[in-house]
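Shown next, in structure tokens, is the structure this report addresses.
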Amino acid sequence: MMKRTIALSAALIVLLALTGATFAQGPSPQHSAPTWEASYWNNNGLSGPPVLQRSEANLDYNWGSGSPDPVIHADGFSARWTRYLDLAAGTYRFTATSDDGIRVYVDGSPIINEWYDHPAKTVSADKALAAGHHLVVVEFCENTGDAVARLSWAPVETINKWRGEYFVNQSLSGAPALVRDESQINFMWGSGSPAPGIIGSDGFSVRWTRWLCLLRG
């Protein structure tokens with residue numbers, strides 16, 4: 001009887017040791033999330049507990065002089081968005097548009113840092129990533145005036161098109177009302193519009209941007 005008790009106790013100790021080793025490994029890695037986890041503060045420094053937390057499908061906002069939500073001030077607020085992306089190996093271009101400040105982190109490393117007051121502007125940064133899931137964090141602050149926050153990403157290898165930014169004014173000012181990739185700049189809109197329902201047939205402007213690798217000469 002004593003031998004059985006000792007054997008049973010030894011088995012329990014081994015089982016507990018194995019269980020403890022499993023817990024010590026921590027949770028399994030996150031997979032690509034379908035939404036952003038957003039937190040908002042009624043200050044421009046991301047300080048204190050957030051006054052609003054919610055899931056958001058896209059990070060593509062032009063609030064103008066308004067607010068993200070009735071509980072958020074129109075000026076003097078900040079936000080943080082967090083999301084996991086499951087990506088193939090390659091170099092990715094992250095493009096952020098903001099008014100005012102914005103910071104972008106990938107796996108804890110800052111890749112975009114425009115943390116100061118400025119009118120709407122667009123900044124891009126390239127990041128080489130291994131295959132798998134990657135944590136993307138975007139921080140935003142709004143002081144006064146209009147508020148814009150946008151983030152997009154795409155593999156650099158596939159960026160062989162023109163990035164068209166369409167504005168509903170003739171001065172390329174503010175945030176673009178439409179951003180899309182176009183294989184070439186060869187349009188004849190006549191009296192029409194580049195994007196009916198978004199861009200008017202008159203009083204608009206466009207900026208096309210593309211990376212080219214050229215030989216010296």
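Each reported figure results from applying straightforward, stated rules to the coordinates on display, with no laboratory input. A quick note: this is a predicted structure, and the numbers were derived from the prediction, not measured. Backbone-built Cβ (ideal geometry, glycine too); neighbour counts: all protein chains shown.
A viscosity of 1.002 mPa s and a temperature of 20 °C, combined with the Kirkwood radius over C-alpha pairs in the Stokes-Einstein formula, give segment 29-157 a diffusion coefficient of 144 µm²/s. In order along segment 174-181, phi translates into HN-Hα couplings of x, 7, x, 7, 8, 10, 8, 8 Hz, rounded to whole numbers, per the Karplus curve 6.51 cos²θ - 1.76 cosθ + 1.60 with θ = phi - 60° and x for Gly and Pro. Scanning residues 5 or more positions from residue 112 or on other chains, those with amide H under 5 Å from its amide H are 104, with H placed 1.01 Å from N in the peptide plane. Rounded to the nearest 20 debye, the dipole magnitude of segment 160-217 is 300 debye, with +1 charges on Lys and Arg beta carbons, -1 on Asp and Glu beta carbons, and the Cα centre as origin. Can you pull out the chymotrypsin sites (Phe, Trp or Tyr not before Pro) in segment 113-168 whose DSSP state is coil and whose Cβ has at most 16 other Cβ atoms within 10 Å? In loop regions of segment 113-168 (DSSP not H, G, I, E or B), the sparsely surrounded chymotrypsin sites (Phe, Trp or Tyr not before Pro) are 115, 116.
A simple rule links phi to the HN-Hα coupling: the Karplus curve 6.51 cos²θ - 1.76 cosθ + 1.60 with θ = phi - 60°, which for segment 104-116 gives 10, 10, 10, 6, x, 9, x, 10, 9, 9, 10, 8, 7 Hz, with x for Gly and Pro. With point charges of +1 on the Cβ of Lys and Arg and -1 on the Cβ of Asp and Glu, referenced to the Cα centre of segment 160-217, which listed residue (193, 212, 166) lies farthest in the positive direction of the dipole? Farthest towards the positive pole: 212.
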